[in-house]
1. Taking the condition of being charged (D, E, K, R) and over 18 Å from Ile138 (Cα atoms), how many residues in the range 1-49 meet it?
2. So is Ser75 over 13 Å from Leu22 (Cα atoms), modelled with pLDDT under 85 and either out of contact with any His (no Cβ under 9 Å at 6 or more places or on another chain) or surrounded by 16 or more Cβ atoms within 10 Å (Cβ to Cβ) (or both) or not?
3. In contact (Cβ under 8 Å) with a residue 60 or more places away in the chain, out of contact with any strand residue (DSSP E or B) (no Cβ under 6 Å at 6 or more places or on another chain) and of a type in the set (S, T, N, Q): is that true of Gln162 in this structure?
4. Could you please find all residues in the range 7-34 being within 16 Å of Ser120 (Cα to Cα) and among the hydrophobic types (A, V, I, L, M, F, W, C)?
5. Of the conditions (1) closer than 24 Å to Ala67 by Cα; (2) surrounded by fewer than 18 Cβ atoms within 10 Å (Cβ to Cβ); (3) hydroxyl-bearing (Ser, Thr, Tyr), Ser100 satisfies every one except a single condition; which number is it?
6. So in the range 1-39, with the set limited to residues that are of a type in the set (Gly, Ala, Ser) and more than 10 Å from the chain's Cα centre (by Cα), which one is farthest from Arg72 (Cα to Cα)?
7. Filter the range 2-40 down to residues that are without any contact (Cβ under 8 Å) to a residue 40 or more places away in the chain, more than 18 Å from Leu71 (Cα to Cα) and charged (D, E, K, R), then give me how many there are.
Amino acid sequence: MSTISFQNDILPLKNELFRLALRITQNRADAEDVVQDTMLRIWKRRDEWAQIDSIEAFCLTICRNLALDHLRRMSNNEDSLSPDASTFSSSSTPEAIAISRDRLQLVRTLIDQLPEKQRSCIQLRDIEGKSYHDIATILDISEQQVKVNIFRARQTIKQQFQKIQ
């Protein structure tokens, strides 16, 4: 394994860690705190870096665990995410943007209502673009369990979306 540099290998993961923490905590300030704690934990374990196969999976696992710990401490605070304005094209009409925003918010709300394992799998696969293998490593479950969780999450979201629309 090559030498791992905090600046070159770990700091670039900051945004990815933030998105994962945000998806779990559903609160920007809490997600920022989780990422900061994650970076500190990773730094404190720098002596172990040489033995780690995937530093990205290592970092995401720590972040996920800290976010879940934070959620438990905060008794599942239910703040929702707001749609990101950068999602929409500048050539879209205001009506199309409003409809897209509403749909995006609905899907995010439906994702937020999923069980934690399904929510994490959807976040890592559909939003972060991780492979099944990486997700299994991060969540410490089998690849088959990842596929089942993603399938069930997508089915639930689809059914709930159709009921509402």
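1. 7
2. Details: over 13 Å from Leu22 (Cα atoms): yes; modelled with pLDDT under 85: yes; either out of contact with any His (no Cβ under 9 Å at 6 or more places or on another chain) or surrounded by 16 or more Cβ atoms within 10 Å (Cβ to Cβ) (or both): yes.
Yes, satisfied.
3. Details: in contact (Cβ under 8 Å) with a residue 60 or more places away in the chain: no; out of contact with any strand residue (DSSP E or B) (no Cβ under 6 Å at 6 or more places or on another chain): yes; of a type in the set (S, T, N, Q): yes.
The answer is no for Gln162.
4. Those that are within 16 Å of Ser120 (Cα to Cα) and among the hydrophobic types (A, V, I, L, M, F, W, C): Leu17, Phe18, Leu20, Ala21, Leu22, Ile24, Ala31, Val34.
5. Condition not satisfied by Ser100: (1).
6. Here the answer is Ser2.
7. Matching residues across the range 2-40 total 1.
The values are calculated or read from the model by the stated rules, or taken from the named source; none is laboratory data. Remember, predicted model here, so these are calculated numbers, not experimental data. Because the Cβ atoms are built from the backbone with ideal geometry, glycine has one as well, and the counts that use them run over all protein chains shown.
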